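Before any comments, here is the structure.
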Ligand code: 5AD
Ligand code: SF4
């Protein structure tokens, strides 16, 4: 039977990238081939994000582009998965009349079943059950990541923290850890396929295993991954500052494969705002953890997320955030204007900050961090670093790209290098978002 073709577009975080790879695997097993041009697809899938207003808008405009394809080819199937699918469910079918199906964050594994049924007779379906305690990956075939040097591995789903601005607990459900046996089998199999670096994913990896007395904890999980031959580098994301244990901090000094990078979302530099955000730590507690991380692992790169214009944030709160950013000197950050999200407590707070003010604050914060990032990047000039070759550079096809252990992207000439090799480079130049390196200086 001739293969059918599917086009998949992914929005949002690494968790969605991981789920999309799972979807590709399920479809490929069903004789579907992935293509890069939606105009030739039999099936279009959009894996969506709803964490902020902006990605949500992007999804609607992406869907709008597929309308004319459906008009030309009524047999074309279009489905939406991911967090927005979970949040909107039936409403999405009503709002986008040419959609065939909507599958929530715990239902994407049903795609093959739905496609089979639709081949018999066409119908419209929305499935958004957020089954408590259910691991959506249980029973799926072993994850594969062909031709890749680095892979994501989801270790848990959902979140129980209920930060007041955050939609995640409502779209990904209550926290549930995957069995460590499944995770370790998956990483062993990825290693057999040539993967050298794994990033363990979860909304709050520090509480891995906490909900089950039979399960190992996060540090034990890292120790078990450390023992897997073939795996050279381990990363994880995301950590919640309140749950970042001293034991985990010590692991940066003890586990040779654990890379010197941590993403630790600060969100605000004002204790008053942190309290309203329900973050359960103070700025001084956060700074203590940063000092300890830097003591244990002096080269560690620290990145963060910051929200500006949270309801009630006044000029003094914002100045406190600027001060924190100046004092801590993050290696890089992601910063966002606060936006109301459905179900969240903060969406009900009365004292909203005007868009104009949020824009101005975001600008000021980003200008400040831009200098810090470049300054930090420049400290790497002239130094030797270990880089994992991950593929061709985007800007220049004759070049290769990879990352340092501190998670900085490096582009470098190296036509003969294979994906998956670990190489030593000398950093020639620091740019605002990447580094340029060279092998030749090392006499290779
Ligand atoms: N508004 C703005 N930013 C948000 N984030 C999460 N929810 C919101 C919201 N309602 C940001 C946080 C989080 C990152 C993934 O997105 O900084 O860490
Ligand atoms: Fe977006 Fe959060 Fe869903 Fe990731 S888990 S896709 S960031 S809403």
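The values are calculated or read from the model by the stated rules, or taken from the named source; none is laboratory data. Note that the coordinates shown come from a computational prediction; the quantities given were computed from them, not determined experimentally. Cβ: placed from backbone, ideal geometry, glycine included. Neighbour counts: every protein chain shown.
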Do we find a residue being away from ligand 1 (no atom under 14 Å from the Cβ), under 30 Å from residue 191 (Cβ atoms), modelled with pLDDT of 95 or more and surrounded by fewer than 21 Cβ atoms within 10 Å (Cβ to Cβ) anywhere in segment 300-307? yes
Given the conditions (1) within 30 Å of residue 384 (Cα to Cα); (2) in contact (Cβ under 8 Å) with a residue 40 or more places away in the chain, every one holds for residue 281 apart from (1)
Meets criteria (more than 21 Å from residue 279 (Cα to Cα) and buried (at least 19 other Cβ atoms within 10 Å of the Cβ)) for residue 244: no
Identity of the residue in segment 56-78, in contact with a helix residue (DSSP H, G or I) (Cβ under 7 Å, 6 or more places away or on another chain) and within 18 Å of residue 5 (Cα to Cα), that ends up surrounded by the fewest Cβ atoms within 10 Å (Cβ to Cβ): 69
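If a residue has to be within 16 Å of ligand 2 (Cβ to nearest atom), buried (at least 16 other Cβ atoms within 10 Å of the Cβ) and part of a helix (DSSP H, G or I) to count, how many in segment 18-55 make the cut?
Total meeting the criteria: 7.
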Quick one: in segment 29-46, of everything that is without any contact (Cβ under 8 Å) to a residue 40 or more places away in the chain and within 24 Å of the chain's Cα centre (by Cα), which residue is nearest to ligand 1 (Cβ to nearest atom)? 46
Matching strands (runs of 3 or more DSSP E) fully within segment 59-169 where at least 1 residues are away from ligand 2 (no atom under 16 Å from the Cβ) and within 20 Å of the chain's Cα centre (by Cα): 150-154
Could you pull out the residue among 224, 149, 127 that is under 23 Å from residue 24 (Cβ atoms), away from ligand 1 (no atom under 16 Å from the Cβ) and surrounded by fewer than 21 Cβ atoms within 10 Å (Cβ to Cβ)? 127
In segment 315-357, which residues are within 15 Å of ligand 1 (Cβ to nearest atom), within 22 Å of residue 303 (Cβ to Cβ) and within 25 Å of the chain's Cα centre (by Cα)? 321, 324, 325, 330, 332, 333, 334, 335, 336, 337, 338, 339
